[in-house]
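Novice: Below is a structure I'd like to ask you about.
The values are calculated or read from the model by the stated rules, or taken from the named source; none is laboratory data. Note that this is a predicted model, so its numbers are computed, not measured. Counting neighbours? That spans all protein chains shown, and the Cβs are built from the backbone with ideal geometry, glycine included.
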Amino acid sequence: MKLIRQVNKASIKFGGQLLAKGNLVAFPTETVYGLGANAKDSQAVAKIFAAKNRPSFNPLIVHLSDQGEAHKHAVLNSSAKALADAFWPGPLTLILPRQERCEISPLASAGLDTVALRVPASAAARGLITAARKPIAAPSANLSGRLSPTCAEHVANQLKRKVSLILDGGPCDIGLESTVVDVSNNIPVILRPGGLPSEMMEQAIGQKLLQDTGNGTDIKSPGMLVNHYAPSLALRINAQKPRPGEVFLGFGKDAINADLNLSPTGDLLEAAANLFAYLHQLDSMPAKGIAVMPIPTETIGWAINDRLERAACR
Ligand code: AMP
Ligand code: MG
């Protein structure tokens, strides 16, 4: 494994070549770090499932360099086009029917007749995809079920023996995974809250969005298993104060005695960006568990609470 600390022309070109040859490359995006492989190459895609120990029924998000590419692989209806126009590049994943001649590996779709597409905003990610000249399948660069990585060290801790390259672009701006919206039918449905708040999408398309974030047993979005995004320590949410032996993750100005504070000023965007890094940090402390203060549920707070609830469920 090679860790390159600089995202520049040379490292992007090198990463693109590795991807085109069927290797795994971990790279930064604005949401979290991705574990990338050429989405057209089933053997390369299979390496992702093996490296993450990811169940093969859980499909991957395929990343594209621009919106025009999407039409080669999938069929976009009017809501899909409106959302893509408004929010690509950005933290939005669209579930779309596969084109008849779609060349993306069926393994990336886990055998479904839909494909998950996203155009990331991060310059490093788009540069790499452009350099590879391929669609890039990339789930979060962590072991299946564990916390997502928001910096290169998180990736190295879990996957360093399994990837050819980790491209270090510093901490991720948003720090939470993309919002996943199923637009394969007439009515768009949010399958996973994420970096793009639902309020913004509803405003852009002038339509209320349905939500189906799963009950952990149906597999509408197979990645939304109840127990997911989990630290090793037990996690307790909506805690006003820690119990003996617990470390305490605070939010806002009332968080006295917190070991870490997601945002002392109560800024939800700051809290999202810090969430996984702080959970990684607290998880490595000699404690019995992690207690987390209540976080408001508006805008990106919905996604923060979604991740915390899944992390708390074991
Ligand atoms: P990640 O592993 O963080 O990249 O998450 C990808 C998410 O998108 C998971 O929740 C997947 O189950 C979901 N997903 C990907 N492809 C599809 C699809 N074709 N249909 C429904 N959900 C999908
Ligand atoms: Mg993931």
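Novice: With (1) in a loop (DSSP other than H, G, I, E, B); (2) of a type in the set (D, E, K, R); (3) in contact with a Ser or Thr (Cβ under 6 Å, 6 or more places away or on another chain) as the list, and GLU103 as the residue in question, which single condition is left unmet?
Specialist: Here GLU103 meets the rest and fails (3).
Novice: To continue, here is another question. Six or more apart or on different chains, Cβ atoms under 7 Å: show the pairs whose first residue is in segment 131-147 and more than 27 Å from SER65 (Cβ to Cβ) and outside any loop (DSSP other than H, G, I, E, B) and whose second is within 12 Å of ligand 2 (Cβ to nearest atom) and not basic (Lys, Arg).
Specialist: Final answer for the pair search is ARG146/GLN158; ARG146/ALA230.
Novice: Within the group LEU128, LEU96, which residue is closer than 19 Å to ILE190 by Cα, out of contact with any Lys or Arg (no Cβ under 8 Å at 6 or more places or on another chain) and either assigned to a strand (DSSP E or B) or more than 13 Å from ligand 1 (Cβ to nearest atom) (or both)?
Specialist: Every option except LEU96 fails the conditions.
Novice: Does PRO193 fit the bill of being in contact (Cβ under 8 Å) with a residue 24 or more places away in the chain and surrounded by 23 or more Cβ atoms within 10 Å (Cβ to Cβ)? Step through it out loud before you land on a result.
Specialist: Details: in contact (Cβ under 8 Å) with a residue 24 or more places away in the chain: yes; surrounded by 23 or more Cβ atoms within 10 Å (Cβ to Cβ): yes.
Answer is yes for this residue.
Novice: Pull up segment 46-73, narrow it to residues that are in contact with a helix residue (DSSP H, G or I) (Cβ under 8 Å, 6 or more places away or on another chain) and among the small types (Gly, Ala, Ser), then point me to the one that is surrounded by the fewest Cβ atoms within 10 Å (Cβ to Cβ).
Specialist: Looking at residues that are in contact with a helix residue (DSSP H, G or I) (Cβ under 8 Å, 6 or more places away or on another chain) and among the small types (Gly, Ala, Ser), I get SER56.
Novice: Any idea which residue in segment 31-55 is nearest to GLY145 (Cα to Cα), counting only those that are modelled with pLDDT of 95 or more and near ligand 1 (Cβ under 10 Å from one of its atoms)?
Specialist: Filtering first and then ranking leaves LYS52.
Novice: Which numbered condition in (1) modelled with pLDDT of 95 or more; (2) within 16 Å of ligand 2 (Cβ to nearest atom) is the only one that MET201 fails?
Specialist: MET201 satisfies all of (1) modelled with pLDDT of 95 or more; (2) within 16 Å of ligand 2 (Cβ to nearest atom) except (2).
Novice: Now for a different question. Given the criteria modelled with pLDDT of 95 or more, of a type in the set (Lys, Arg) and within 16 Å of the chain's Cα centre (by Cα), does ARG126 qualify?
Specialist: Values: modelled with pLDDT of 95 or more: yes; of a type in the set (Lys, Arg): yes; within 16 Å of the chain's Cα centre (by Cα): yes.
Considered against the rule, which asks whether it is modelled with pLDDT of 95 or more, of a type in the set (Lys, Arg) and within 16 Å of the chain's Cα centre (by Cα), ARG126 comes out as yes.
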